[in-house]
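First comes the structure, then the notes that go with it.
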Amino acid sequence: MKIIDSIDEWKIARKNELGDSTVGFIPTMGGIHQGHCALIQKSLQDNDITVVSIFVNPTQFNDPNDFKNYPNTLTQDLEILSELGVDYLLLPKQAEIYPNGYQFKIGENIEQHRLEGKSRPGHFEGMLTIVLKLLNIVIPTCAYFGEKDYQQYQLIQKMCQDLFLDIKIIPCTTIRESDLLACSSRNLNLSKNARKKAAIFANIFHKDSDPDNIKSLLNRNNIEVDYVEIVDKRLFAAVKIDGVRLIDNREVCELS
Ligand code: AMP
């Protein structure tokens, strides 16, 4: 696995080493887990070359503490990625990604008013801005995103269509631990006790499809609810457990 931390160096490699190869791209913020690995494995199957990036993007964090505490497990990440057979790992630097500070950003007018968009002001702007920058840098054939962040996947899909980017956006199903908790880098920040509560959250989220029932069950278990809502036949939830924000979503059959 080639590790590249300069955009110019990547551009030279892209031009000189990749020729007509198909390129699959998986942008991540590190803290590599089974969910990331599933995206990477799909890319390895579909493409000649697989590129992963790790960049903890400051502009998508509305909560400075969340940014500060975001897991950093680089040494372990490198081992996992190279063992999987990733061809290139990009570790871009903040100063190169944001050479003009945050002068230019991608605005969005619909999803920013609901679910994650509503709860995390500025999050989608920051997320779309970094994804567009990375897609323009990498120029992949296909890019892979998890349904775990469903609004994010949909927004990226629509942004690429709307801005005429010639890149296939490929969704991957949510990977879960054996107790149904969705894999997430933030799970690393859960204490033993909080991890148990997180499993209770996942369990309740899968047991019932009525947002009001789910909310009251979560409340009864002392789990702080941000939202539980059905949008377009999908159930979405966000909770906070001992300061760690967790989200989940799944398809539901709406009751008639
Ligand atoms: P992150 O490092 O959290 O920014 O995630 C990088 C990519 O991995 C995004 O496309 C996420 O949606 C995806 N991802 C994160 N967790 C999971 C999961 N449990 N299952 C599938 N994809 C995931």
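Using a 7 Å offset from the Cα along the Cα-to-Cβ direction at both Gln154 and Lys207, what is the distance between the two label points in nm, to one decimal?
Roughly 2.8 nm, to one decimal.
Once you treat every alpha carbon in the chain as an equal point and sum by Debye, what is log10 I(q)/I(0) at q = 0.09, 0.13 Å⁻¹?
-0.41, -0.86
Enter the Cα centre distance for the pair segment 131-155 and segment 71-117, rounded to the nearest angstrom.
If you average the Cα positions of each part, the centres end up 10 Å apart.
Is there a quick way to get the dipole size of the chain? I mean about its Cα centre, with the Cβ of Lys and Arg at +1 and of Asp and Glu at -1; what is the value in debye to the nearest 20?
560 debye
Taking the alpha-carbon distance from Lys133 and a cut-off under 13 Å, which aspartates and glutamates remain once sequence neighbours fewer than 8 residues away in the same chain are dropped?
Once the sequence-local aspartates and glutamates are set aside, what remains near Lys133 is Glu96, Glu125.
Considering only DSSP beta bridges with both partners in the chain, what is the antiparallel share in %, to the nearest 5?
45 percent
What are the ³J(HN,Hα) couplings of segment 230-247, residue after residue, when phi is run through the Karplus curve with 6.51, -1.76, 1.60 and θ = phi - 60°? Round to Hz, x for glycine and proline.
Ordered by residue, 3J(HN,Hα) equals 9, 10, 6, 6, 10, 9, 10, 9, 9, 9, 10, 10, 6, x, 9, 8, 10, 10 Hz.
Give the shape of segment 7-82 as rounded, prolate or oblate, defined through the alpha-carbon gyration tensor: a ≥ b ≥ c are the square roots of its eigenvalues, a/c under 1.5 means rounded, and otherwise the shape is prolate if a/b is larger than b/c and oblate if not.
It is prolate, given that a/c is not under 1.5 and a/b is the larger ratio.
If you count the DSSP beta bridges with both ends in segment 60-187, what percent of them are antiparallel, to the nearest 5?
Within segment 60-187, antiparallel bridges account for around 10 percent of the total.
Given Lys105/Lys233; Lys168/Lys207; Lys105/Lys148; Lys11/Lys42; Lys168/Lys197, which pairs have Cα atoms separated by over 28 Å?
Lys105/Lys233; Lys168/Lys207; Lys168/Lys197
Computed from the coordinates by the stated procedures, all read-outs in this text should not be read as laboratory data. Keep in mind that what you see is a predicted model, and the values were worked out from it rather than measured. A quick note on method: Cβ atoms are made from the backbone with ideal geometry, for glycine too, and the neighbour counts reach across all protein chains shown.
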